[in-house]
Amino acid sequence: MRSWPRLSQTFIVNEVLALERRGVDLAIFSLVRSEEYLVQSQVGQVRAPVRYLADDLAKPWARRVRIHLAACAADPARYLRVLLFCLSRPGLAAGYGECSTLRCFTHAVMLAARFGAMRDEPVRVHAHFAHDPALVGLLVSKLTGLPFSFTAHARDLVQIPPASLAARTAAATTVVTCCQENADYLHHVVPEGRRPPVRVVHHGVDLDRFRPVPRGPDVAVPRLVSVGRLVEKKGHVDLLHALAGVAATGRPFRCDIYGDGPLWHDLRALRDTLSLEDQVRFVGPRSNDRIRRALDHADAFVLTPRVTSDGDRDGIPNVLVEAMACGLLVVTTSAGGTAELVQHERNGLLCPPGEPPAIAAALCRLLDDGELRARFGSAARATVEDDYDVDAAAGQLEELLLPGTEVVLA
């Protein structure tokens, strides 16, 4: 992992817990601590030990040198071969990421050294995200001979150079991703000879935690909920303009927006400029338990992601899956992989990204029609039950990555 635990990466915690329920023995290695003050309650249920590689970099330099010397002494040819690989390819860490290639090499050496102290010998390295974590996983594989695989998600996939991505895929036995759009991207930019099997495994949700509650078809002031980091790709600017369009029609509504991020102040200022102070509330970041309660009291869910000018985008936002599991009608856009989940006029309403008038029209429609909300919400729950069950997803991962044995998450 890049960092653990992250509030916005509940889907990874869910995956870990589901694998552990299947008896998979995991160890989690995180490059850094998340430093977030709010932690999901599910994190406390994780049995896997968590080790932070940044702690190794904080050790006295003499200790770090000894670890490198020990790795070299154990297999000089392999150590020097991997070091030369890094020195000759500094661009492997180009693009999105925070570590240089040599820093990733140091992380890999430290991680490999920790394997010797583990109770059971690891049999696989799997990295979440295609940028720094996958590069570290690749180097660990070269240092240890362990098979290596990674899961690609969104920005980590599209914002690293194709040649660097190809180097990662060439070393992997399998690449997992959360939506078909990402799989198509990999097939487009990575030559066939440097690409292992690419498997789509949808992020699942706990269907017992996220489930429908009774809702009446008619409410005086429908409540909308939106959840997402306050960053450009989540499309909150488009959402606010769309809500202003709804307010201009005189329709009553309330919208609670959950999340935090660099656009917090700008978005609140835009809300006030659009005279939406009475209808729109920025709640801030909340735990998954609090989000679930908010969904229980919502009448519909709205999220309006878009593709940014630098290519950043979502895959399939997990909050959409959670909302649909709760039997909510969702209004969203076709950016990223959302069209794989939300089928327009069947289990939700899908709008073009970056078009507030179209989003406003969809919102007006759901506000006017309680029967529509109930019908699409029921279809949304059925979709999640069929294709987005976290335990079924864990079974697919176990079959792909663990032919009858255990895994190390790096």
TODO: Specify whether the C-alpha gyration tensor of segment 297-410 places it in the rounded, prolate or oblate class, a ≥ b ≥ c being the square roots of the eigenvalues: rounded for a/c under 1.5, otherwise prolate if a/b is larger than b/c and oblate if not.
DONE: oblate
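Applying 1/(1 + (r/R0)^6) with R0 = 30 Å to the Cβ-Cβ distance of D278 and R365, what FRET efficiency is obtained, to the nearest 0.05?
E(calc), rounded to 0.05, equals 0.85.
When you count, for each residue, the other Cβ atoms within 10 Å and take the mean per peptide, how do 98-104, 275-281 rank with the highest first? List each step's numbers first, then the result.
Numbers: 98-104: 17.6, 275-281: 14.9.
In decreasing order of mean packing, 98-104, 275-281 become 98-104, 275-281.
For the chain, which whole percent of the accessible surface, found with a 1.4 angstrom probe, sits on carbon and sulfur atoms? Please list the in-between numbers first.
Working: 8450 of 16710 Å².
Here carbon and sulfur together make up 51 percent of the probe-accessible area.
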Task: Cut-off 20 Å (backbone N to label point 7 Å along Cα→Cβ of R21), residues of segment 184-226 - done: 201-213
- [ ] Could you calculate the FRET efficiency of V219 with S88 from 1/(1 + (r/R0)^6), where r is the beta carbon distance between them and R0 is 45 Å, rounded to 0.05?
- [x] 0.10
Task: Alpha carbon centroid spacing (whole Å) that separates segment 112-134 from segment 67-86 - done: 17 Å
TODO: With a probe of 1.4 Å, find how much accessible area the chain has per residue, and write the answer as a whole number in Å².
DONE: 41 Å²
- [ ] Among the GluC sites (Glu not before Pro) in segment 1-95, which ones are in a DSSP loop with at most 12 other Cβ atoms within 10 Å of the Cβ? Mind listing them?
- [x] E35
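The values are calculated or read from the model by the stated rules, or taken from the named source; none is laboratory data. Keep in mind it's a predicted model, so treat the numbers as computed, not measured. When we count neighbours, we look across all protein chains shown, and the Cβ atoms used for this are built from the backbone with ideal geometry, even at glycine. Each accessible area value is taken on the protein alone, full model and side chains, heavy atoms only, with ligands, DNA and RNA left out. Shrake-Rupley method; radii C 1.70, N 1.55, O 1.52, S 1.80 Å.
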